[in-house]
Amino acid sequence: MTTGSERAEMLAEIISNPSYRLAEEDLALLDEDDLRPLRLQLELIKAERAMRRHGIGSTVVVFGSARIRQDFGDPNSDCCQRQAGYLEEARRFAALVSQRFQKEQRQDFVVVTGGGPGIMEAANRGAWEVGARSIGLNITLPHEQEPNPFITPDLAFRFRYFAIRKMHFALRAKAMVAFPGGFGTLDELFEILTLVQTGKMPAIPIVLLGAAFWRQAINFDFLIEEGMISPADKALFTLVETAEEAVTALQEFYHGRPPE
């Protein structure tokens, strides 16, 4: 025989045990290695459902360094002035393209960034300043990275997996503009270049803003000389210097009309 208090203690032990939790509420279970496929699926579906709900028809992806800051270094140095110019062009580009293409019913060429600081923040800010929506695809990193405050709140997402984040960059992309950046920017740029080159995604305008930086950072002519890429591969991207030139490259590619 058990007393009432003993019975209550026994039930409490069962109910409080992790094994009794609903699977959907068991965060420790979801974090197990063998549930990685489910986590990948959830990351893909969550952002996809939100973008459909908000009528995101197409996006223009803006990549660039998180390390470029207006308050970093000697403001009078050539490097800082050059980098401040990149921030301004990113802000202006996002404003121009958002005003040109975003409509009430169908949201086209919605600016999407990695959601962090630097070039990403400048682009999200440009869209915000003209009352347009923009998307941020943030990523969990060993060092904390907060989203910048200019992302549309309903379109701010955080990812655990780079692979799914990259997929969302590509799924609705109708254009990509890469500003100067480091490993992350180069990784994202070459991902899109490779997908287009290999026919895994339709051709889109790929614009590299800051010709001097890109010519020195990546010696495309040397790659051609060594036979690593073909001369025709240089046609996959366009070098520009200003926000206006970047918008013009997009308009010329799509003959002045939003992509369907």
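Coordinate-derived values only; no laboratory data. Keep in mind that this is a model prediction, so the values were computed, not measured. We place every Cβ from the backbone using ideal geometry, glycine too, and count neighbours over all the protein chains shown.
What order do you get for Tyr86, Tyr20, Tyr161 when you list them from fewest to most C-beta neighbours inside 10 Å? List each step's numbers first, then the result.
Values: Tyr86 21, Tyr20 10, Tyr161 15.
Starting with the residue having the fewest Cβ neighbours, the order is Tyr20, Tyr161, Tyr86.
Taking the Cα centre of region 28-253 as the origin, how large is its charge dipole in debye, to the nearest 20, when only Lys and Arg (+1) and Asp and Glu (-1) carry charge on their Cβ atoms?
On the way: 25 positive and 29 negative charges, 180 e Å.
Roughly 860 debye for region 28-253.
Would you order Met10, Met1, Met120, Met201 from fewest to most other beta-carbon atoms within 10 Å of each residue's own beta-carbon? List each step's numbers first, then the result.
Numbers: Met10 11, Met1 3, Met120 32, Met201 14.
So the residues, fewest neighbours to most, are Met1, Met10, Met201, Met120.
Select from Pro147, Pro180, Pro202 the residue whose mean-square fluctuation is largest in a Gaussian network model of the chain (Cα-Cα springs shorter than 10 Å).
Between Pro147, Pro180, Pro202, it is Pro202 that shows the largest mean-square fluctuation.
Computed from these coordinates, which is semi-axes √(5λ) of the Cα gyration tensor in Å: (1) 36, 19, 16; (2) 40, 32, 14; (3) 42, 20, 20?
Structure-derived value, by its label: (3).
In deg cm²/dmol, rounded to 500, what helix-only [θ] at 222 nm does the chain give when every DSSP H run of at least 4 residues adds -39500 (n - 2.57) and the total is split over its residues?
About -14000 deg cm²/dmol.
Quote the relative contact order of the chain in percent (integer), defining contacts as alpha-carbon pairs under 8 Å separated by 6+ residues.
Numbers: 380 pairs, mean separation 48.2, N = 260.
Computed over the chain, the figure is 19 percent.
Give the order of Thr185, Thr2 when sorted by the count of other beta carbons within 10 angstrom, beginning with the fewest.
Lowest count first: Thr2, Thr185.
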